[in-house]
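Below you'll find the structure, written out as structure tokens, and then a few comments.
The values are calculated or read from the model by the stated rules, or taken from the named source; none is laboratory data. Since the model is a prediction, treat every value here as computed from it, not as a measurement. Cβ atoms come from the backbone with ideal geometry, glycine included; neighbour counts cover every protein chain shown. Side chains included, ligands, DNA and RNA excluded: accessible areas come from the protein's heavy atoms. Shrake-Rupley method; radii C 1.70, N 1.55, O 1.52, S 1.80 Å.
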Amino acid sequence: MLMLSNPDSSQAFNYPTIIQGGMGAGVSNWRLARAVAERGQLGVVSGTALDTVLIRRLQDGDPDGHMRRALAAFPQPEMVRPILDAWFVPGGKPADAPYKLKPLPTAEMLREDEALLIVANFVEVYLAKEGHAGMVGINLLEKIQLPTLPSLFGAMLAGVDVVIMGGGIPLGIPGALDKMARLEPVEMRLNVVTSDRDRVYSTSFHPGTHMRAAQDVLSRPLFFAVIASDVLAKTLVKKANGRVDGFIIEHHNAGGHNAPPRRGDAYGERDVCSVEKVAGLGLPFWLAGGCASPDQVAAARALGARGVQIGTAFACCEESGILETIKAEIIGMHRAGKLDVITDFKASPTGYPFKRVEVEANGRRDACRACDLGYLRTIYAKDDGTLGYRCPAGPRKPFLSKGGTPEEAEGKHCLCNGLLATIGLGQTRRGIPVAPLVTWGEDMGFLDPILGTDRSSYTAGEVLDYLLPGGCCVAS
Ligand SMILES: Cc1cc2nc3c(=O)[nH]c(=O)nc-3n(C[C@H](O)[C@H](O)[C@H](O)COP(=O)(O)O)c2cc1C
């Protein structure tokens, strides 16, 4: 790999051939990102809902002590103590007792909720970076705006190398990273549903209200945007409020959320991004979606990409956060020729298409629509100009009374609760666990070459061995 220097952080940055894609919530956790980063490729933690992930791990008693070890490394212990007091349950809560909830995110976030986000994102990146000199990134979705600034700041405190953002048009993030690196206050425009087109709503964050003045200036991480169109890449280069450092061009066969098709509910030729045009912008880029084979890696590089971003192959490996029962079931369904990954155009409250796979794991479960996490709520302006919040996947009556429409609510799933159940941190209501909701990519071509016919699990290292035969990264 070619060593390039990141001008703002003056640290050397090795452009990786493989980016292990960010997978929320908690699928690409610190263990997975660390396993990849240790091997010299880019390990990426998901920053989605990390505040809830941390407090649930603490309520489970933090059995291996990893959370408390990372918390002890946070530079300001006075921010950690209230978190431990409020959420740590020695020995863990009873399995059938519900998790205690934090307040739902709003634009007027309390200082303690910001502090929890900062600390939680620090913890995940700190653990992913612990004990090696490899690179670690954090992935956030542009659509989930309210936790973004404190989350990024927490990740930066732990020395995150790259910020990767998809699910929207993150024009305001590169500049926010510049400012937070200098510990300056930041303001970010919010996407608000409003009839008053002239009114701009924003959220603000001041690192100085949390950190003592003596804190050093931080490294500014590189910023990579996940895109599905060359027009978006060009817009970001021209209009973002700071430096964009690279692109991940994601095909619509990728797992998680996908960019909506240009027309209707089906993808066509016009939905394929022009790699040539993105290459013409002169920034490093990676291809994502169905790229998990050595041939695809070589093909991507022949097109000028530095390499590829891989999701599903890592989601299915031992280190990922997905429950073992679910991974085993998916592998079994694939082997039986019964794995059916559907692009659900309605399920996600974000309005974006979402890849989903039905699993039987864990029997009777509650698929209740209670919106008690609220990460994917739509922000809307009330008649008096103040902000309100509604989730199309939440209870119907309040959603409609807040101006939502029956069409918006149709077919929606509670992603927040379903995704947390998939990683073993699901809520229990009246003794019944919430049903998991599993997102998955279309391409499973990697499985047989890695696993053969007789084994049932594999590691992140084996994914890298398969993708990079010869044992190492190809020179950039
Ligand atoms: C389980 C799962 C969760 C994902 N979650 C996210 C996410 O939170 N943010 C994001 O930008 N991409 C997400 N992705 C997309 C991956 O980062 C990656 O780009 C994609 O999976 C690549 O395609 P592949 O699955 O065919 O390798 C997710 C993918 C999977 C499989």
Review point. What percentage of the solvent-accessible surface of the chain, computed with a 1.4 Å probe over protein heavy atoms, is contributed by carbon and sulfur atoms?
Key: 52
Practice item. Among PRO82, ASN14, GLY470, flag the residue with its Cα farthest along the positive direction of the charge dipole of the chain, charges on Cβ as +1 for Lys/Arg and -1 for Asp/Glu. Key: PRO82
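Can you tell me which of 178-187, 74-83 comes out highest on packing, and rank the rest after it, using the mean Cβ neighbours within 10 Å?
My ranking of the peptides, most packed first, is 178-187, 74-83.
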**Study point:** Surface accessible to a 1.4 Å probe, MET156 within the full protein complex, Å²
**Key:** 10
Point to revise | Segments 84-92, 145-153, 261-269 sorted - mean Cβ within 10 Å per residue, highest first | key: 145-153, 84-92, 261-269
Practice item. Mind checking the full-extension length gain between LYS239 and ARG182? Use 0.36 nm per residue of separation minus the Cα-Cα distance, one decimal, nm. Key: 18.3 nm
Exercise for review: Quick one: check the C-alpha center-to-center distance for segment 373-422 versus segment 204-260, whole angstrom.
Suggested key: 26
Point to revise | segment 88-222: C-alpha gyration tensor shape, a/c 1.5 cut-off, then a/b vs b/c | key: oblate
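Give the percent of DSSP beta bridges with both residues in segment 256-403 that are antiparallel, rounded to the nearest 5.
Counting only bridges with both partners in segment 256-403, antiparallel ones make up about 75 percent.
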Practice item. Return the long-range amide H neighbours of TYR389 (sequence gap of 5 or more, or a different chain), with a cut-off of under 5 Å between placed amide H atoms. Key: TYR380
Point to revise | Point-to-point label distance, ARG455-GLU276, nm (Cα→Cβ direction, 7 Å offset) | key: 4.1
Check your understanding: Can you list the HN-Hα couplings for segment 438-443, worked out from phi with the Karplus curve (6.51, -1.76, 1.60; θ = phi - 60°), rounded to whole Hz and with x for Gly and Pro?
Key -> 10, 9, 8, x, 6, 8
Practice item. Kindly report the accessible area of segment 173-298 per residue (heavy atoms of protein chains, probe 1.4 Å, no ligands, DNA or RNA), in Å². Key: 50
Practice item. Using θ = phi - 60° and the Karplus relation 6.51 cos²θ - 1.76 cosθ + 1.60, list the HN-Hα couplings for segment 353-359 in order, rounded to whole Hz, with x at every Gly or Pro. Key: x, 9, 7, 9, 10, 7, 10
Check your understanding: R0 = 25 Å: FRET efficiency of GLU360 with ARG430, Cβ-based, nearest 0.05?
Key -> 0.70
**Study point:** For segment 306-359: rounded, prolate or oblate by the Cα gyration tensor [a/c cutoff 1.5]
**Key:** oblate
Practice item. Obtain the nm distance between the two label points defined at LYS338 and ALA107 by a simple spin-label model: each point lies 7 Å from its Cα along the Cα-to-C-beta direction. Key: 4.9
Practice item. Per residue of segment 195-205, in order, report the coupling 6.51 cos²θ - 1.76 cosθ + 1.60 (Karplus, θ = phi - 60°) as ³J(HN,Hα) in whole Hz, putting x for Gly and Pro. Key: 8, 8, 5, 7, 7, 10, 10, 9, 10, 10, 8
Review point. Mean residue ellipticity at 222 nm from the helices of the chain, using -39,500 (n - 2.57) per DSSP H segment of n ≥ 4 over the full residue count, to the nearest 500 deg cm²/dmol?
Key: -8500 deg cm²/dmol
Check your understanding: How much length, in nm to one decimal, is gained on full extension between GLU269 and ALA302, taken as 0.36 nm per residue of separation minus their Cα-Cα distance?
Key -> 9.7 nm
Practice item. Using label points projected 7 Å from each Cα along Cα→Cβ, tell me how many nm separate SER195 and ALA95, to one decimal. Key: 5.3
Practice item. Go through 305-315, 437-447, 96-106 and give me the packing order, highest mean Cβ count within 10 Å leading. Key: 305-315, 437-447, 96-106
Check your understanding: Which of rounded, prolate, oblate describes the chain, given a ≥ b ≥ c as roots of the alpha-carbon gyration tensor eigenvalues and a/c under 1.5 marking rounded, otherwise prolate only if a/b is larger than b/c?
Key -> rounded
